[in-house]
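Participant: The structure under discussion is supplied below as structure tokens; questions concerning it will follow.
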Amino acid sequence: MAAAAKAGEATLRHAFGNVLSFFILLLIGVLAFSIRLFSVIKYESVIHEFDPYFNYRVTQFLTKNGIYDFWNWFDDRTWYPLGRVIGGTVYPGLTLTAGTIWWLLNSLNIPLSVETVCVFTAPIFSAFASWATYLLTKEVKGAGAGLTAAALLAMVPSYISRSVAGSYDNEAVAIFALIITFYLYIKTLNTGSLFYATLNAIAYFYMVCSWGGYTFIINLIPMHVLLCIVTGRYSSRLYIAYAPLVVLGTLLAALVPVVGFNAVMTSEHFASFLVFIILHVVALVYYIKGILSPKMFKVAVTLVVSVGLVVCCAVIAILVALVASSPTKGWSGRSLSLLDPTYASKYIPIIASVSEHQPPTWPSYFMDINVLAFLVPAGIIACFLPLSDASSFVVLYIVTSVYFSGVMVRLMLVFAPAACIMSGIALSQAFDVFTRSIKFQLLRILGFSEADAGDGSSANVVPENDAVKVDKSEETIKERPSRKNKKKEKEQMEKAQAEKTSAKSKTEKRLLVLPMELSVIGLLLLVFMGAFYVVHCVWAAAEAYSAPSIVLTSYTHEGLHVFDDFREAYAWLRHNTEVDDKVASWWDYGYQTTAMANRTVIVDNNTWNNTHIATVGTAMSSPEKAAWEIFNSLDVKYVLVVFGGLVGYPSDDINKFLWMVRIGGGVFPHIKEPDYLRDGQYRIDSQATPTMLNCLMYKLSYYRFVETDGKGFDRVRRTEIGKKYFKLTHFEEVFTTHHWMVRIYKLKPSKNRIRGKMKKSKSRTSTPSSKRSGSRKKNPWQ
Amino acid sequence: MEALLRPRIMLSLTIILIPIFLFISGASSHQIRINNAERRIDLSTHIVKVFLTLKVENTGKTSASEILLAFPPTQVDHLAFLEALAATGKKKKKTYVSLAVKPTQLPDAPNETNYYTIVLANPLNTGETATLEILYILTHSLEPFPVEISQSESQLVYYRDSALILSPYHIKQQTTFIKIPSNKVESFTRVEPTDRAGNELKYGPYEDRPPYSYSPLLVHFENNNPFSVVEELVREVEISHWGNLQITEQYKLAHAGARHKGIFSRVDYQSKPAFSGVSSFKHLLARLPPRVHSVYYRDEIGNISTSHLRADSWKISELEIEPRYPLFGGWRATFVIGYGLPLEDFLFESSDGRRYLNFTFGCPLVETVVDKLTIKVVLPEGAKGPSAVVPFPVEQRLETKYSYLDVVGRTVVVLEKKNVVPVHNIPFQWNDLNILFWGSKMEKKKRNSLLVMLVD
């Protein structure tokens, strides 16, 4: 009777806990969504930065023309005159997601614009991502850790920086896809269910659709499988979790046009196939071990190992030869720069030139994950007590992502979920210990007998864990009759054993009781730390990461001042130039120009053609006439430069100029970086080299700049410019924005140039040639 | 078939009607004489306003009820607005009665002259005189010359007209005054007596000119006022059940003056505003109704931060907007202005249970010509049988729009008019628009019959 009552109480508590965690999850979702709305409230509902503008444009195309036109879309408004096959070179996950949301809303007659849907896609998916984190962590360490991890992820600054409202980039949905794939993998690993394995492959497919970072998954999971095999944790569940993923996942991944045959050809995927083979060998070994007697097995092993080793060596040798024959060893440039952090700066300046591909600094870790950095080690330790398949996966995840985030700032984003999971586990375990000790101590103080207290603690102190355990055992009971499988039963045995061990550890834990004062102080400190984290996250979301970067603001004594120069220039281009005019600018502004100004650009942020970018870089670093010729050969009509010298906007073209020289010089050797540097220093003042002062970028940036203040003081470089008065002969200023941040020049038509040349030659050369020109004039055909 | 038949019927109708018109007009042109005509042409902005005062006398034997106004074909295309008032009473007790004006065709019109008929309130008997005050507004009538100017030049325009008033009647005495925005006049045609005083040119008085006298007149002068033209304006007025009137206005704005040529130098524009870009404009003023709220101003790439609103709950609210960049000749910009208004200020219930909305027809921008204006009045879902009552010719049609979670869709009354000028600040009430429609079923249950009428 008493046992039944206890069970009833447990189920009630269990139900109550479920309802509570449901509402907590709902609130976490709301939190994740609303903390990302600072950008809309402080600025406006607008697409941010550079890449999101491209995604927005693609989504517009998709919603207007439908999916089939989207796959076949050849974009002639970019990379002129080459164009770009958008359908085959873009990860379509994000656009398809937003397009589907838009289509759904519109078929319900909710007339939201494509822009609105795009702006809010990222916050919605952050809510999904935090729920996925809950599921993943719950699989690893129970619901308490799951809730904590979800709450931490909902507001981790690193993730906020990529998913504020308006930041419509691949990562917005990819992080959700990443976590859900991991969750489904762990779920399959824990249950051995083919249903989850299939779901896992589909989630992986969604991840492949969304982001190039899917290679992280397809390398991390094999690593974990290998780890399990090596540590003797092989089970049929592992096989079910991995084999379908590789087969189905690779097939599905090959369906995505941008991946295609890369899914089997490139070295990024090689590890998964190798592990696939190893897994099968191991499975075979375990199978044979099962049917043979130990003695026979030993004989078989020696036989197979001797033959197998020879075969393996041959196969591996062939593979190595194949891989080695390709120049990049079958790796893409970005992946290589991950494996060898110095690779990009040595060989591919275009990857190195992107600020988000730089290694992060220590402060940026504190900025992006804050107190989690201190909680992560505790979480790792917690994962080892006891080490399960799931927790070993999480440990592996965090170790690899720490390395990757150390190579590229951008991959901090992959690290953030791992850090949240680890910190969630750590916090939840710490709370567990503290609250349990407090309860234990309280009961003792209140005068219960030691034994009663012990009993009470077993019933009350770890209710959630107990509930979970009870639930699990119930489930297994339900499952048993339905699946009469030997393997299953084996698993059950294993589980029971595991439970026994966990029960053992529980008894050990129960002994781990801290003094009252210590636990209270510890709890307070933890709460304080959590509060600090929340404050930091809100600050980061509100101040650091919500600026859309196309609108700049500054606070002066007169109040808020808005710098809206970029859109001013793009709007001017959009309305006051011909539809087919080509605009040349450095590649950073390519996506924005096509999306906002609707004009054809020469290069854009999809840096697929290094030579083309180098051509533009060369033109920018050449003297005016040579630049004119380059641009004219590309049919360019307008040249756009970004200049921050008047208002002190630091990320302008003059500051990026050395990259143009480097990238241009990488292809066209007549551009030499030392020509632009005075004693290794980059300067634009009177000490600057003549090459620097005569290059197009300098001239277009500082044309008539001296007339603003009479001295030509550049507020970014904090110096007076070197060459103040000069005229442009091949370009003319057609538009400069209000704060001079964007300057647009038009190429003068070639006719005038020739006439000017003739006049010059006339004036320069003395009498004999003037005679000749005189005779030329008489020629009626001239 | 029906569509084919209709023009035929029209044709036959006009054939029947022509002799009647012939008779009337033929009779009136002989019997009516204009004793005194005074014309004041205001060229201070790019919208040409002409005030014409006619003292008409019936010298014939029968009474006349119609007076004809003649326009050369070049002007009639640009005629945006025409209003005639009859003045009665003596100087201090003068009252004005608005008269009906309608376009008329005459078969014997010389040189494709176009006519408008003013229908007098009381027929003019033999020997009687009447004073008519006529205002007409011409758009796109100032032709920039030179066609292209650089940033430092100011804008010169041509204005072409006739020194003598074109009229089918004998005019005894006439004078024309032309008001010019500044003293800078490059040239003007002399038709003696011609006089120039400051910024006003005076042509006349000319005595005893026969019908259809014409004397070409060309004035070449400086006009640096903003030539702001909205090439296309779509105003959407959405009536909400929840007591709100949401207006969304989509503008395609252009500077219709002399085209900008060559470079645009920001340093000149900012440091020498008096000499650089004098004909360009960067501000626009929109007059919005009182109690306006939730005003926004944006374009397809986001919010435009340069605007100021002086909202007032009693007076007209003023919204000062700046396009993203100053507009030079030939430059274009598009933007959207949206705002909400309390419905009770505009929606009224008439005695028979109908409702009508009173709302401004034209463009809220001051001193701006609208080439093509489309007004879409979105009625609440389920509203039926709308009808628009408009005192001037507009194209009308119905559309259906699906908005938030609509099932059957909302009826949209679409009205289109070309060549619209702002006449809010002119004391003529012409811009009234009535739309009648049956309300939605839901409301019908509450009130037996509900007819919503929208006016503006």
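Participant: Counting only residues that are of a type in the set (S, T, N, Q) and within 14 Å of chain B (Cβ to nearest Cβ), how many does region A:597-608 have?
Facilitator: Result for region A:597-608: 1.
Participant: Modelled with pLDDT of 90 or more and more than 32 Å from the chain's Cα centre (by Cα): is that true of A:LEU677 in this structure? Steps first, please.
Facilitator: Details: modelled with pLDDT of 90 or more: no; more than 32 Å from the chain's Cα centre (by Cα): yes.
In short, no.
Participant: So, one more: Here is a list: B:ILE301, B:ILE239. Which entry is away from every other protein chain (no Cβ under 14 Å), among the β-branched types (Val, Ile, Thr) and within 28 Å of B:LYS376 (Cα to Cα)?
Facilitator: Numbers: B:ILE301 fails: away from every other protein chain (no Cβ under 14 Å).
Checking each option against the conditions leaves just B:ILE239.
Participant: On the given criteria, is A:PRO417 surrounded by 19 or more Cβ atoms within 10 Å (Cβ to Cβ) and assigned to a helix (DSSP H, G or I)?
Facilitator: So A:PRO417 fits the description; yes.
Participant: Identify, from the list A:LEU728, A:LEU700, the residue that is within 11 Å of another protein chain (Cβ to nearest Cβ) and either in contact with a Lys or Arg (Cβ under 7 Å, 6 or more places away or on another chain) or farther than 17 Å from B:PHE264 by Cα (or both).
Facilitator: A:LEU728
Participant: Looking only at region B:413-425, how many residues end up being farther than 22 Å from B:GLU231 by Cβ and buried (at least 18 other Cβ atoms within 10 Å of the Cβ)?
Facilitator: 1
Participant: Here is a follow-up. Given the criterion within 14 Å of chain B (Cβ to nearest Cβ) and at negative phi, identify the matching residue among A:THR615, A:THR594, A:THR611.
Facilitator: One residue alone meets the criteria, A:THR594.
Participant: Now for a separate question. Taking interchain pairs and intrachain pairs at least six residues apart, which have beta carbon atoms under 7 angstrom, with the first residue in region B:327-340 and within 17 Å of B:ILE149 (Cβ to Cβ) and the second aromatic (Phe, Trp, Tyr)?
Facilitator: Between residues of region B:327-340 that are within 17 Å of B:ILE149 (Cβ to Cβ) and residues that are aromatic (Phe, Trp, Tyr), the close pairs are B:LEU327/B:PHE281; B:PHE328/B:PHE264.
Participant: Looking at (1) assigned to a strand (DSSP E or B); (2) out of contact with any Asp or Glu (no Cβ under 6 Å at 6 or more places or on another chain), which one does A:SER651 not meet, given that it meets all the others?
Facilitator: (1)
Participant: If B:SER167 satisfies every condition in (1) surrounded by fewer than 21 Cβ atoms within 10 Å (Cβ to Cβ); (2) more than 16 Å from B:LEU218 (Cβ to Cβ); (3) not acidic (Asp, Glu) but one, which is the exception?
Facilitator: (1)
Participant: Please work out if B:LEU309 is away from every other protein chain (no Cβ under 14 Å), crowded, with 16+ Cβ neighbours inside 10 Å and either in a strand (DSSP E or B) or not basic (Lys, Arg) (or both).
Facilitator: yes
Participant: Which condition from (1) without any contact (Cβ under 8 Å) to a residue 60 or more places away in the chain; (2) on the phi > 0 side of the Ramachandran plot; (3) crowded, with 16+ Cβ neighbours inside 10 Å is the one that A:GLY66 breaks?
Facilitator: The failed condition is (3).
Participant: Sticking with this one: Quick one: would you say A:THR133 is in contact (Cβ under 8 Å) with a residue 24 or more places away in the chain, of a type in the set (Val, Ile, Thr), part of a helix (DSSP H, G or I) and within 14 Å of chain B (Cβ to nearest Cβ)?
Facilitator: no
Participant: For region B:332-353, state whether one or more residues are away from chain A (no Cβ under 14 Å), surrounded by fewer than 19 Cβ atoms within 10 Å (Cβ to Cβ) and of a type in the set (S, T, N, Q).
Facilitator: The answer is yes; a qualifying residue exists.
Participant: From B:SER387, B:SER403, which residue is over 28 Å from B:SER313 (Cα atoms) and part of a loop (DSSP other than H, G, I, E, B)?
Facilitator: Going through B:SER387, B:SER403 in turn, just one is over 28 Å from B:SER313 (Cα atoms) and part of a loop (DSSP other than H, G, I, E, B): B:SER403.
Participant: Additional query: Do we have B:LEU405 as within 14 Å of chain A (Cβ to nearest Cβ) and modelled with pLDDT under 85 here? Working first, answer last.
Facilitator: Numbers: within 14 Å of chain A (Cβ to nearest Cβ): yes; modelled with pLDDT under 85: yes.
The answer is yes for B:LEU405.
Participant: Give me the residue from region B:312-325 that is more than 9 Å from chain A (Cβ to nearest Cβ) and under 16 Å from A:HIS738 (Cα atoms) and, out of that set, farthest from the chain's Cα centre (by Cα).
Facilitator: So, considering only residues that are more than 9 Å from chain A (Cβ to nearest Cβ) and under 16 Å from A:HIS738 (Cα atoms), the one farthest from the chain's Cα centre (by Cα) is B:GLU322.
Participant: Among the residues in region B:272-279, are any surrounded by 21 or more Cβ atoms within 10 Å (Cβ to Cβ), within 14 Å of chain A (Cβ to nearest Cβ), touching a Pro at 6+ places or on another chain (Cβ under 8 Å) and not in a strand (DSSP E or B)?
Facilitator: Among the residues of region B:272-279, at least one is surrounded by 21 or more Cβ atoms within 10 Å (Cβ to Cβ), within 14 Å of chain A (Cβ to nearest Cβ), touching a Pro at 6+ places or on another chain (Cβ under 8 Å) and not in a strand (DSSP E or B), which makes the answer yes.
Participant: Among the residues that make up region B:141-158, is at least one of them out of contact with any Phe, Trp or Tyr (no Cβ under 9 Å at 6 or more places or on another chain), touching a residue at least 12 places away in the same chain (Cβ under 8 Å) and closer than 17 Å to B:LEU201 by Cβ?
Facilitator: no
Participant: Six or more apart or on different chains, Cβ atoms under 8 Å: show the pairs whose first residue is in region A:569-585 and more than 10 Å from chain B (Cβ to nearest Cβ) and whose second is of a type in the set (Ser, Thr, Tyr) and assigned to a helix (DSSP H, G or I).
Facilitator: A:LEU573/A:THR593; A:VAL583/A:THR593; A:SER585/A:THR593
Participant: Related question: Mind listing whichever residues of region A:703-714 are touching a Gly at 6+ places or on another chain (Cβ under 6 Å) and within 12 Å of chain B (Cβ to nearest Cβ)?
Facilitator: Answer for region A:703-714, where residues must be touching a Gly at 6+ places or on another chain (Cβ under 6 Å) and within 12 Å of chain B (Cβ to nearest Cβ): A:PHE705, A:VAL706.
Participant: Can you work out which of the residues in region A:522-565 that are part of a helix (DSSP H, G or I) and among the small types (Gly, Ala, Ser) is farthest from the other protein chains (Cβ to nearest Cβ)? Quick ask: steps written out before the conclusion?
Facilitator: Restricting attention to region A:522-565, the residues satisfying the condition of being part of a helix (DSSP H, G or I) are A:522-544, A:565.
Then drop every residue that is not among the small types (Gly, Ala, Ser), which leaves A:522, A:530-531, A:540-542, A:544.
Numbers: A:GLY522: 49, A:GLY530: 37, A:ALA531: 35, A:ALA540: 24, A:ALA541: 21, A:ALA542: 19, A:ALA544: 21 Å.
Ranking the candidates gives A:GLY522 first.
Participant: Residue check, A:ASP564 against (1) touching a Lys or Arg at 6+ places or on another chain (Cβ under 9 Å); (2) surrounded by fewer than 22 Cβ atoms within 10 Å (Cβ to Cβ), all met but one. Which one?
Facilitator: Condition not satisfied by A:ASP564: (2).
Participant: Right, next: Please enumerate the residues belonging to region B:159-182 that are part of a loop (DSSP other than H, G, I, E, B) and either within 16 Å of B:ASN35 (Cα to Cα) or out of contact with any Phe, Trp or Tyr (no Cβ under 9 Å at 6 or more places or on another chain) (or both).
Facilitator: Scanning region B:159-182 gives B:LEU164, B:ILE165, B:LEU166, B:SER167, B:PRO168, B:TYR169.
Participant: Can you tell which of A:ARG755, A:ARG717 is in a helix (DSSP H, G or I), surrounded by fewer than 20 Cβ atoms within 10 Å (Cβ to Cβ), more than 14 Å from chain B (Cβ to nearest Cβ) and at pLDDT below 90? If you could, list the steps in order and put the result at the bottom.
Facilitator: Details: A:ARG717 fails: in a helix (DSSP H, G or I).
Step by step, each of A:ARG755, A:ARG717 is checked, and only A:ARG755 is in a helix (DSSP H, G or I), surrounded by fewer than 20 Cβ atoms within 10 Å (Cβ to Cβ), more than 14 Å from chain B (Cβ to nearest Cβ) and at pLDDT below 90.
Participant: Using the structure shown, decide if B:LEU343 is at pLDDT 80 or above and over 19 Å from B:PHE81 (Cα atoms).
Facilitator: For B:LEU343, the condition - at pLDDT 80 or above and over 19 Å from B:PHE81 (Cα atoms) - is met.
Participant: Restricting attention to region A:245-270, which residues are free of Cβ contacts under 8 Å to residues at least 60 places away in the same chain, part of a helix (DSSP H, G or I) and buried (at least 18 other Cβ atoms within 10 Å of the Cβ)?
Facilitator: The answer is A:VAL246, A:GLY249, A:THR250, A:LEU252, A:ALA253, A:ALA263, A:HIS269.
Participant: For region A:34-49, give me the residue count where each residue is away from every other protein chain (no Cβ under 14 Å) and either crowded, with 20+ Cβ neighbours inside 10 Å or not in a helix (DSSP H, G or I) (or both).
Facilitator: 3
Participant: Being within 14 Å of chain A (Cβ to nearest Cβ) and touching a residue at least 60 places away in the same chain (Cβ under 8 Å) narrows it down to one residue among B:ALA254, B:ALA258, B:ALA286; which is it?
Facilitator: Result: B:ALA254 is the single residue among B:ALA254, B:ALA258, B:ALA286 that is within 14 Å of chain A (Cβ to nearest Cβ) and touching a residue at least 60 places away in the same chain (Cβ under 8 Å).
Participant: Filter region B:146-155 down to residues that are surrounded by 15 or more Cβ atoms within 10 Å (Cβ to Cβ) and not β-branched (Val, Ile, Thr), then give me how many there are.
Facilitator: So the count comes out to 5.
The values are calculated or read from the model by the stated rules, or taken from the named source; none is laboratory data. A quick note: this is a predicted structure, and the numbers were derived from the prediction, not measured. Using ideal geometry, Cβ is built from the backbone for each residue, glycine included, and neighbour counts are taken over all protein chains shown.
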